[in-house]
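Colleague: Below you'll find the structure I mean.
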Number of protein chains: 2
Amino acid sequence: MSGTAERLLDLAEAHIRDRGYAGFSFRELAAEVGIKSASVHHHFPTKAAMAKAVAERYAKRFLASVEAKPDESPDDAIDAYRGAVRRTIQQDGRMCLCGILGAEAGALPPEVTAEVGSFFRRCIEDLAGRVRGPDAYARAHHVIATLEGGLILARACGDIGAFDRAASALYPSTDGRVS
Amino acid sequence: MSGTAERLLDLAEAHIRDRGYAGFSFRELAAEVGIKSASVHHHFPTKAAMAKAVAERYAKRFLASVEAKPDESPDDAIDAYRGAVRRTIQQDGRMCLCGILGAEAGALPPEVTAEVGSFFRRCIEDLAGRVRGPDAYARAHHVIATLEGGLILARACGDIGAFDRAASALYPSTDGRVS
DNA sequence: GTCTATAATTTGATAGAC
DNA sequence: GTCTATCAAATTATAGAC
C-alpha cells in the first residue's frame, strides 16, 4: 500500500464519517492529495472497492484498539468499547465509519454492506465473550447500540455531552454516577 | 397540503430512511408520482426545504405515537418509545428518519440539521419527564441512543433480532428477560 | 399544477500518452 | 503513477408556456 493510497483512504474515511457514502468523490479526494481523479482509479478501481478498503482498515484498527486486557472485568470490556468510540467523536466530531454506513445500508454496494455487517458481528462476538453471563449476547448488542446511537445524539445535538449521558447508563452498578 | 405534496413527502421519507439525504432526487420522486421534476419544485422550492418538511412531519407523527398514557410507569414510557421505533423497522426495515439524518449531519443543509436536533431534544425532554428520578436525563439519552443504535445493528446485520436484543437490556428490572 | 426546455454542475469511469 | 481528454449520466434549479 503506497503512501498516496493511504492518504486517499484517510481522506475518504473522514468524508464518509462526516457525510456518508455519497459524501466523498474521487475528484474531491484527488484535489486534496494533489493529483487528478483518473489517478485515484489506479489505486482503487471503483468507488465501491475504495469504500470496502476503508471499512476493512477501519475494522482492523478499531478492533485492535479495544483488545482485551488480562484479567479484565466485564465493566472493563464495556469501558474499552465506550472509550474507543468516544475518542473518535472527541477527535473530530464524526460518526463511527460502520455506524453511518450501517444506517445507509440501502444505498451501499453489496461488498461494502458485507464489510459493515462483518464489523458489527465481530464486535458483538468479541464483547459477548468478555462480558460473559447468561445475557452476554443481549448485553453486547446493547452496548454497541448505545454507543452508535450516542454518536447520533451527540452530532444531532451538537454536544458531545449527549454521548456521555447516553453511555453513562451502561454501568448499572454505578447507576450513571462515576466514582 | 395537496395530495400530490403528501405523496411526495411519503416517497422522500421512505428514500431518506433507506439511503440517506443524498438518496432521493426530485427526478426520481417525480417519476414515482407520475409528474416531471420541475413540477416538484412547485410543491417544495428546494431539496433542503423538502427534507425539512419531511422531518417536521416525521417528528410530529412520531411524538404523537409515543404520547404518555395516564398513570404510566417509567417502564411504560420506555416501552412506548421502544415500540414506536420497533414498528418503523418492522414495517419496512428502514432507519428512523432523524437517526440517519443525524448520522449524516455533515452533509445536511442547516435547516434540516436544525429540525433533526429539535426532534431529539423534544424526545429526550419528553422521556426524561416520564422516567423521572435523579438520572432522568441520562436515562432518556440512554434509551433514545440504544434504540437508534439498535436500528443500525439490525440493518447492518440484516436481522431485526439484533434490535430486539439491544433493546431488551433497557429494562434492568427484568435484566433482559421478558416476563 | 403541470409541462418543455435548458442551464450549470458534478459524478464515476475509461482510453491512451508519458 | 500520473497525466489529458473525454464520455455518459445524473443532479438541482430556473424560465416561461399552457
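No lab work stands behind these numbers, since they all come straight from the coordinates. All figures in this text were calculated on a predicted structure; none of them were measured in a lab. All Cβ positions, even for glycine, are placed from backbone atoms using ideal geometry, and neighbour counts span all protein chains on display.
Colleague: Across the stretch A:149-165, what is the total count of residues that are facing chain B (nearest Cβ under 7 Å) and farther than 21 Å from residue B:59 by Cα?
Modeller: Residues meeting the conditions: 1.
Colleague: Could you tell me how many of the residues in the stretch A:75-87 are under 21 Å from residue A:56 (Cβ atoms) and either touching a residue at least 40 places away in the same chain (Cβ under 8 Å) or surrounded by 24 or more Cβ atoms within 10 Å (Cβ to Cβ) (or both)?
Modeller: Count: 2.
Colleague: Something else about it: Return yes when residue A:38 is within 10 Å of DNA strand C (Cβ to nearest atom) and closer than 26 Å to residue A:127 by Cβ and no when it is not.
Modeller: So residue A:38 does not fit the description; no.
Colleague: A further question on this structure: Could you list, ordered by first residue, the pairs with Cβ atoms under 7 Å in which the first is in the stretch A:40-54 and within 14 Å of another protein chain (Cβ to nearest Cβ) and within 12 Å of residue A:111 (Cα to Cα) and the second is in a helix (DSSP H, G or I) and near DNA strand C (Cβ under 8 Å from one of its atoms), at least 6 apart or interchain?
Modeller: A:47/A:26
Colleague: Looking only at residues in the stretch B:40-77 that are within 16 Å of DNA strand D (Cβ to nearest atom) and among the basic types (Lys, Arg), which one is farthest from residue B:95 (Cα to Cα)?
Modeller: Among residues in the stretch B:40-77 that are within 16 Å of DNA strand D (Cβ to nearest atom) and among the basic types (Lys, Arg), the one farthest from residue B:95 (Cα to Cα) is B:47.
Colleague: Which residues, counting only those in the stretch A:115-142, are closer than 15 Å to residue A:99 by Cβ, among the basic types (Lys, Arg) and more than 9 Å from chain B (Cβ to nearest Cβ)?
Modeller: Matches in the stretch A:115-142: A:122 only.
Colleague: Of the residues A:88, A:113, A:46, which is within 13 Å of DNA strand C (Cβ to nearest atom) and among the hydroxyl-bearing types (Ser, Thr, Tyr)?
Modeller: One residue alone meets the criteria, A:46.
Colleague: Hey, can you tell me all the residues within the stretch B:1-25 that are free of Cβ contacts under 8 Å to residues at least 24 places away in the same chain, part of a helix (DSSP H, G or I) and within 13 Å of DNA strand C (Cβ to nearest atom)?
Modeller: B:3, B:6
Colleague: Which condition breaks for residue B:145 when tested against (1) free of Cβ contacts under 8 Å to residues at least 12 places away in the same chain; (2) of a type outside the set (Phe, Trp, Tyr); (3) surrounded by fewer than 22 Cβ atoms within 10 Å (Cβ to Cβ); (4) within 13 Å of another protein chain (Cβ to nearest Cβ)?
Modeller: (3)
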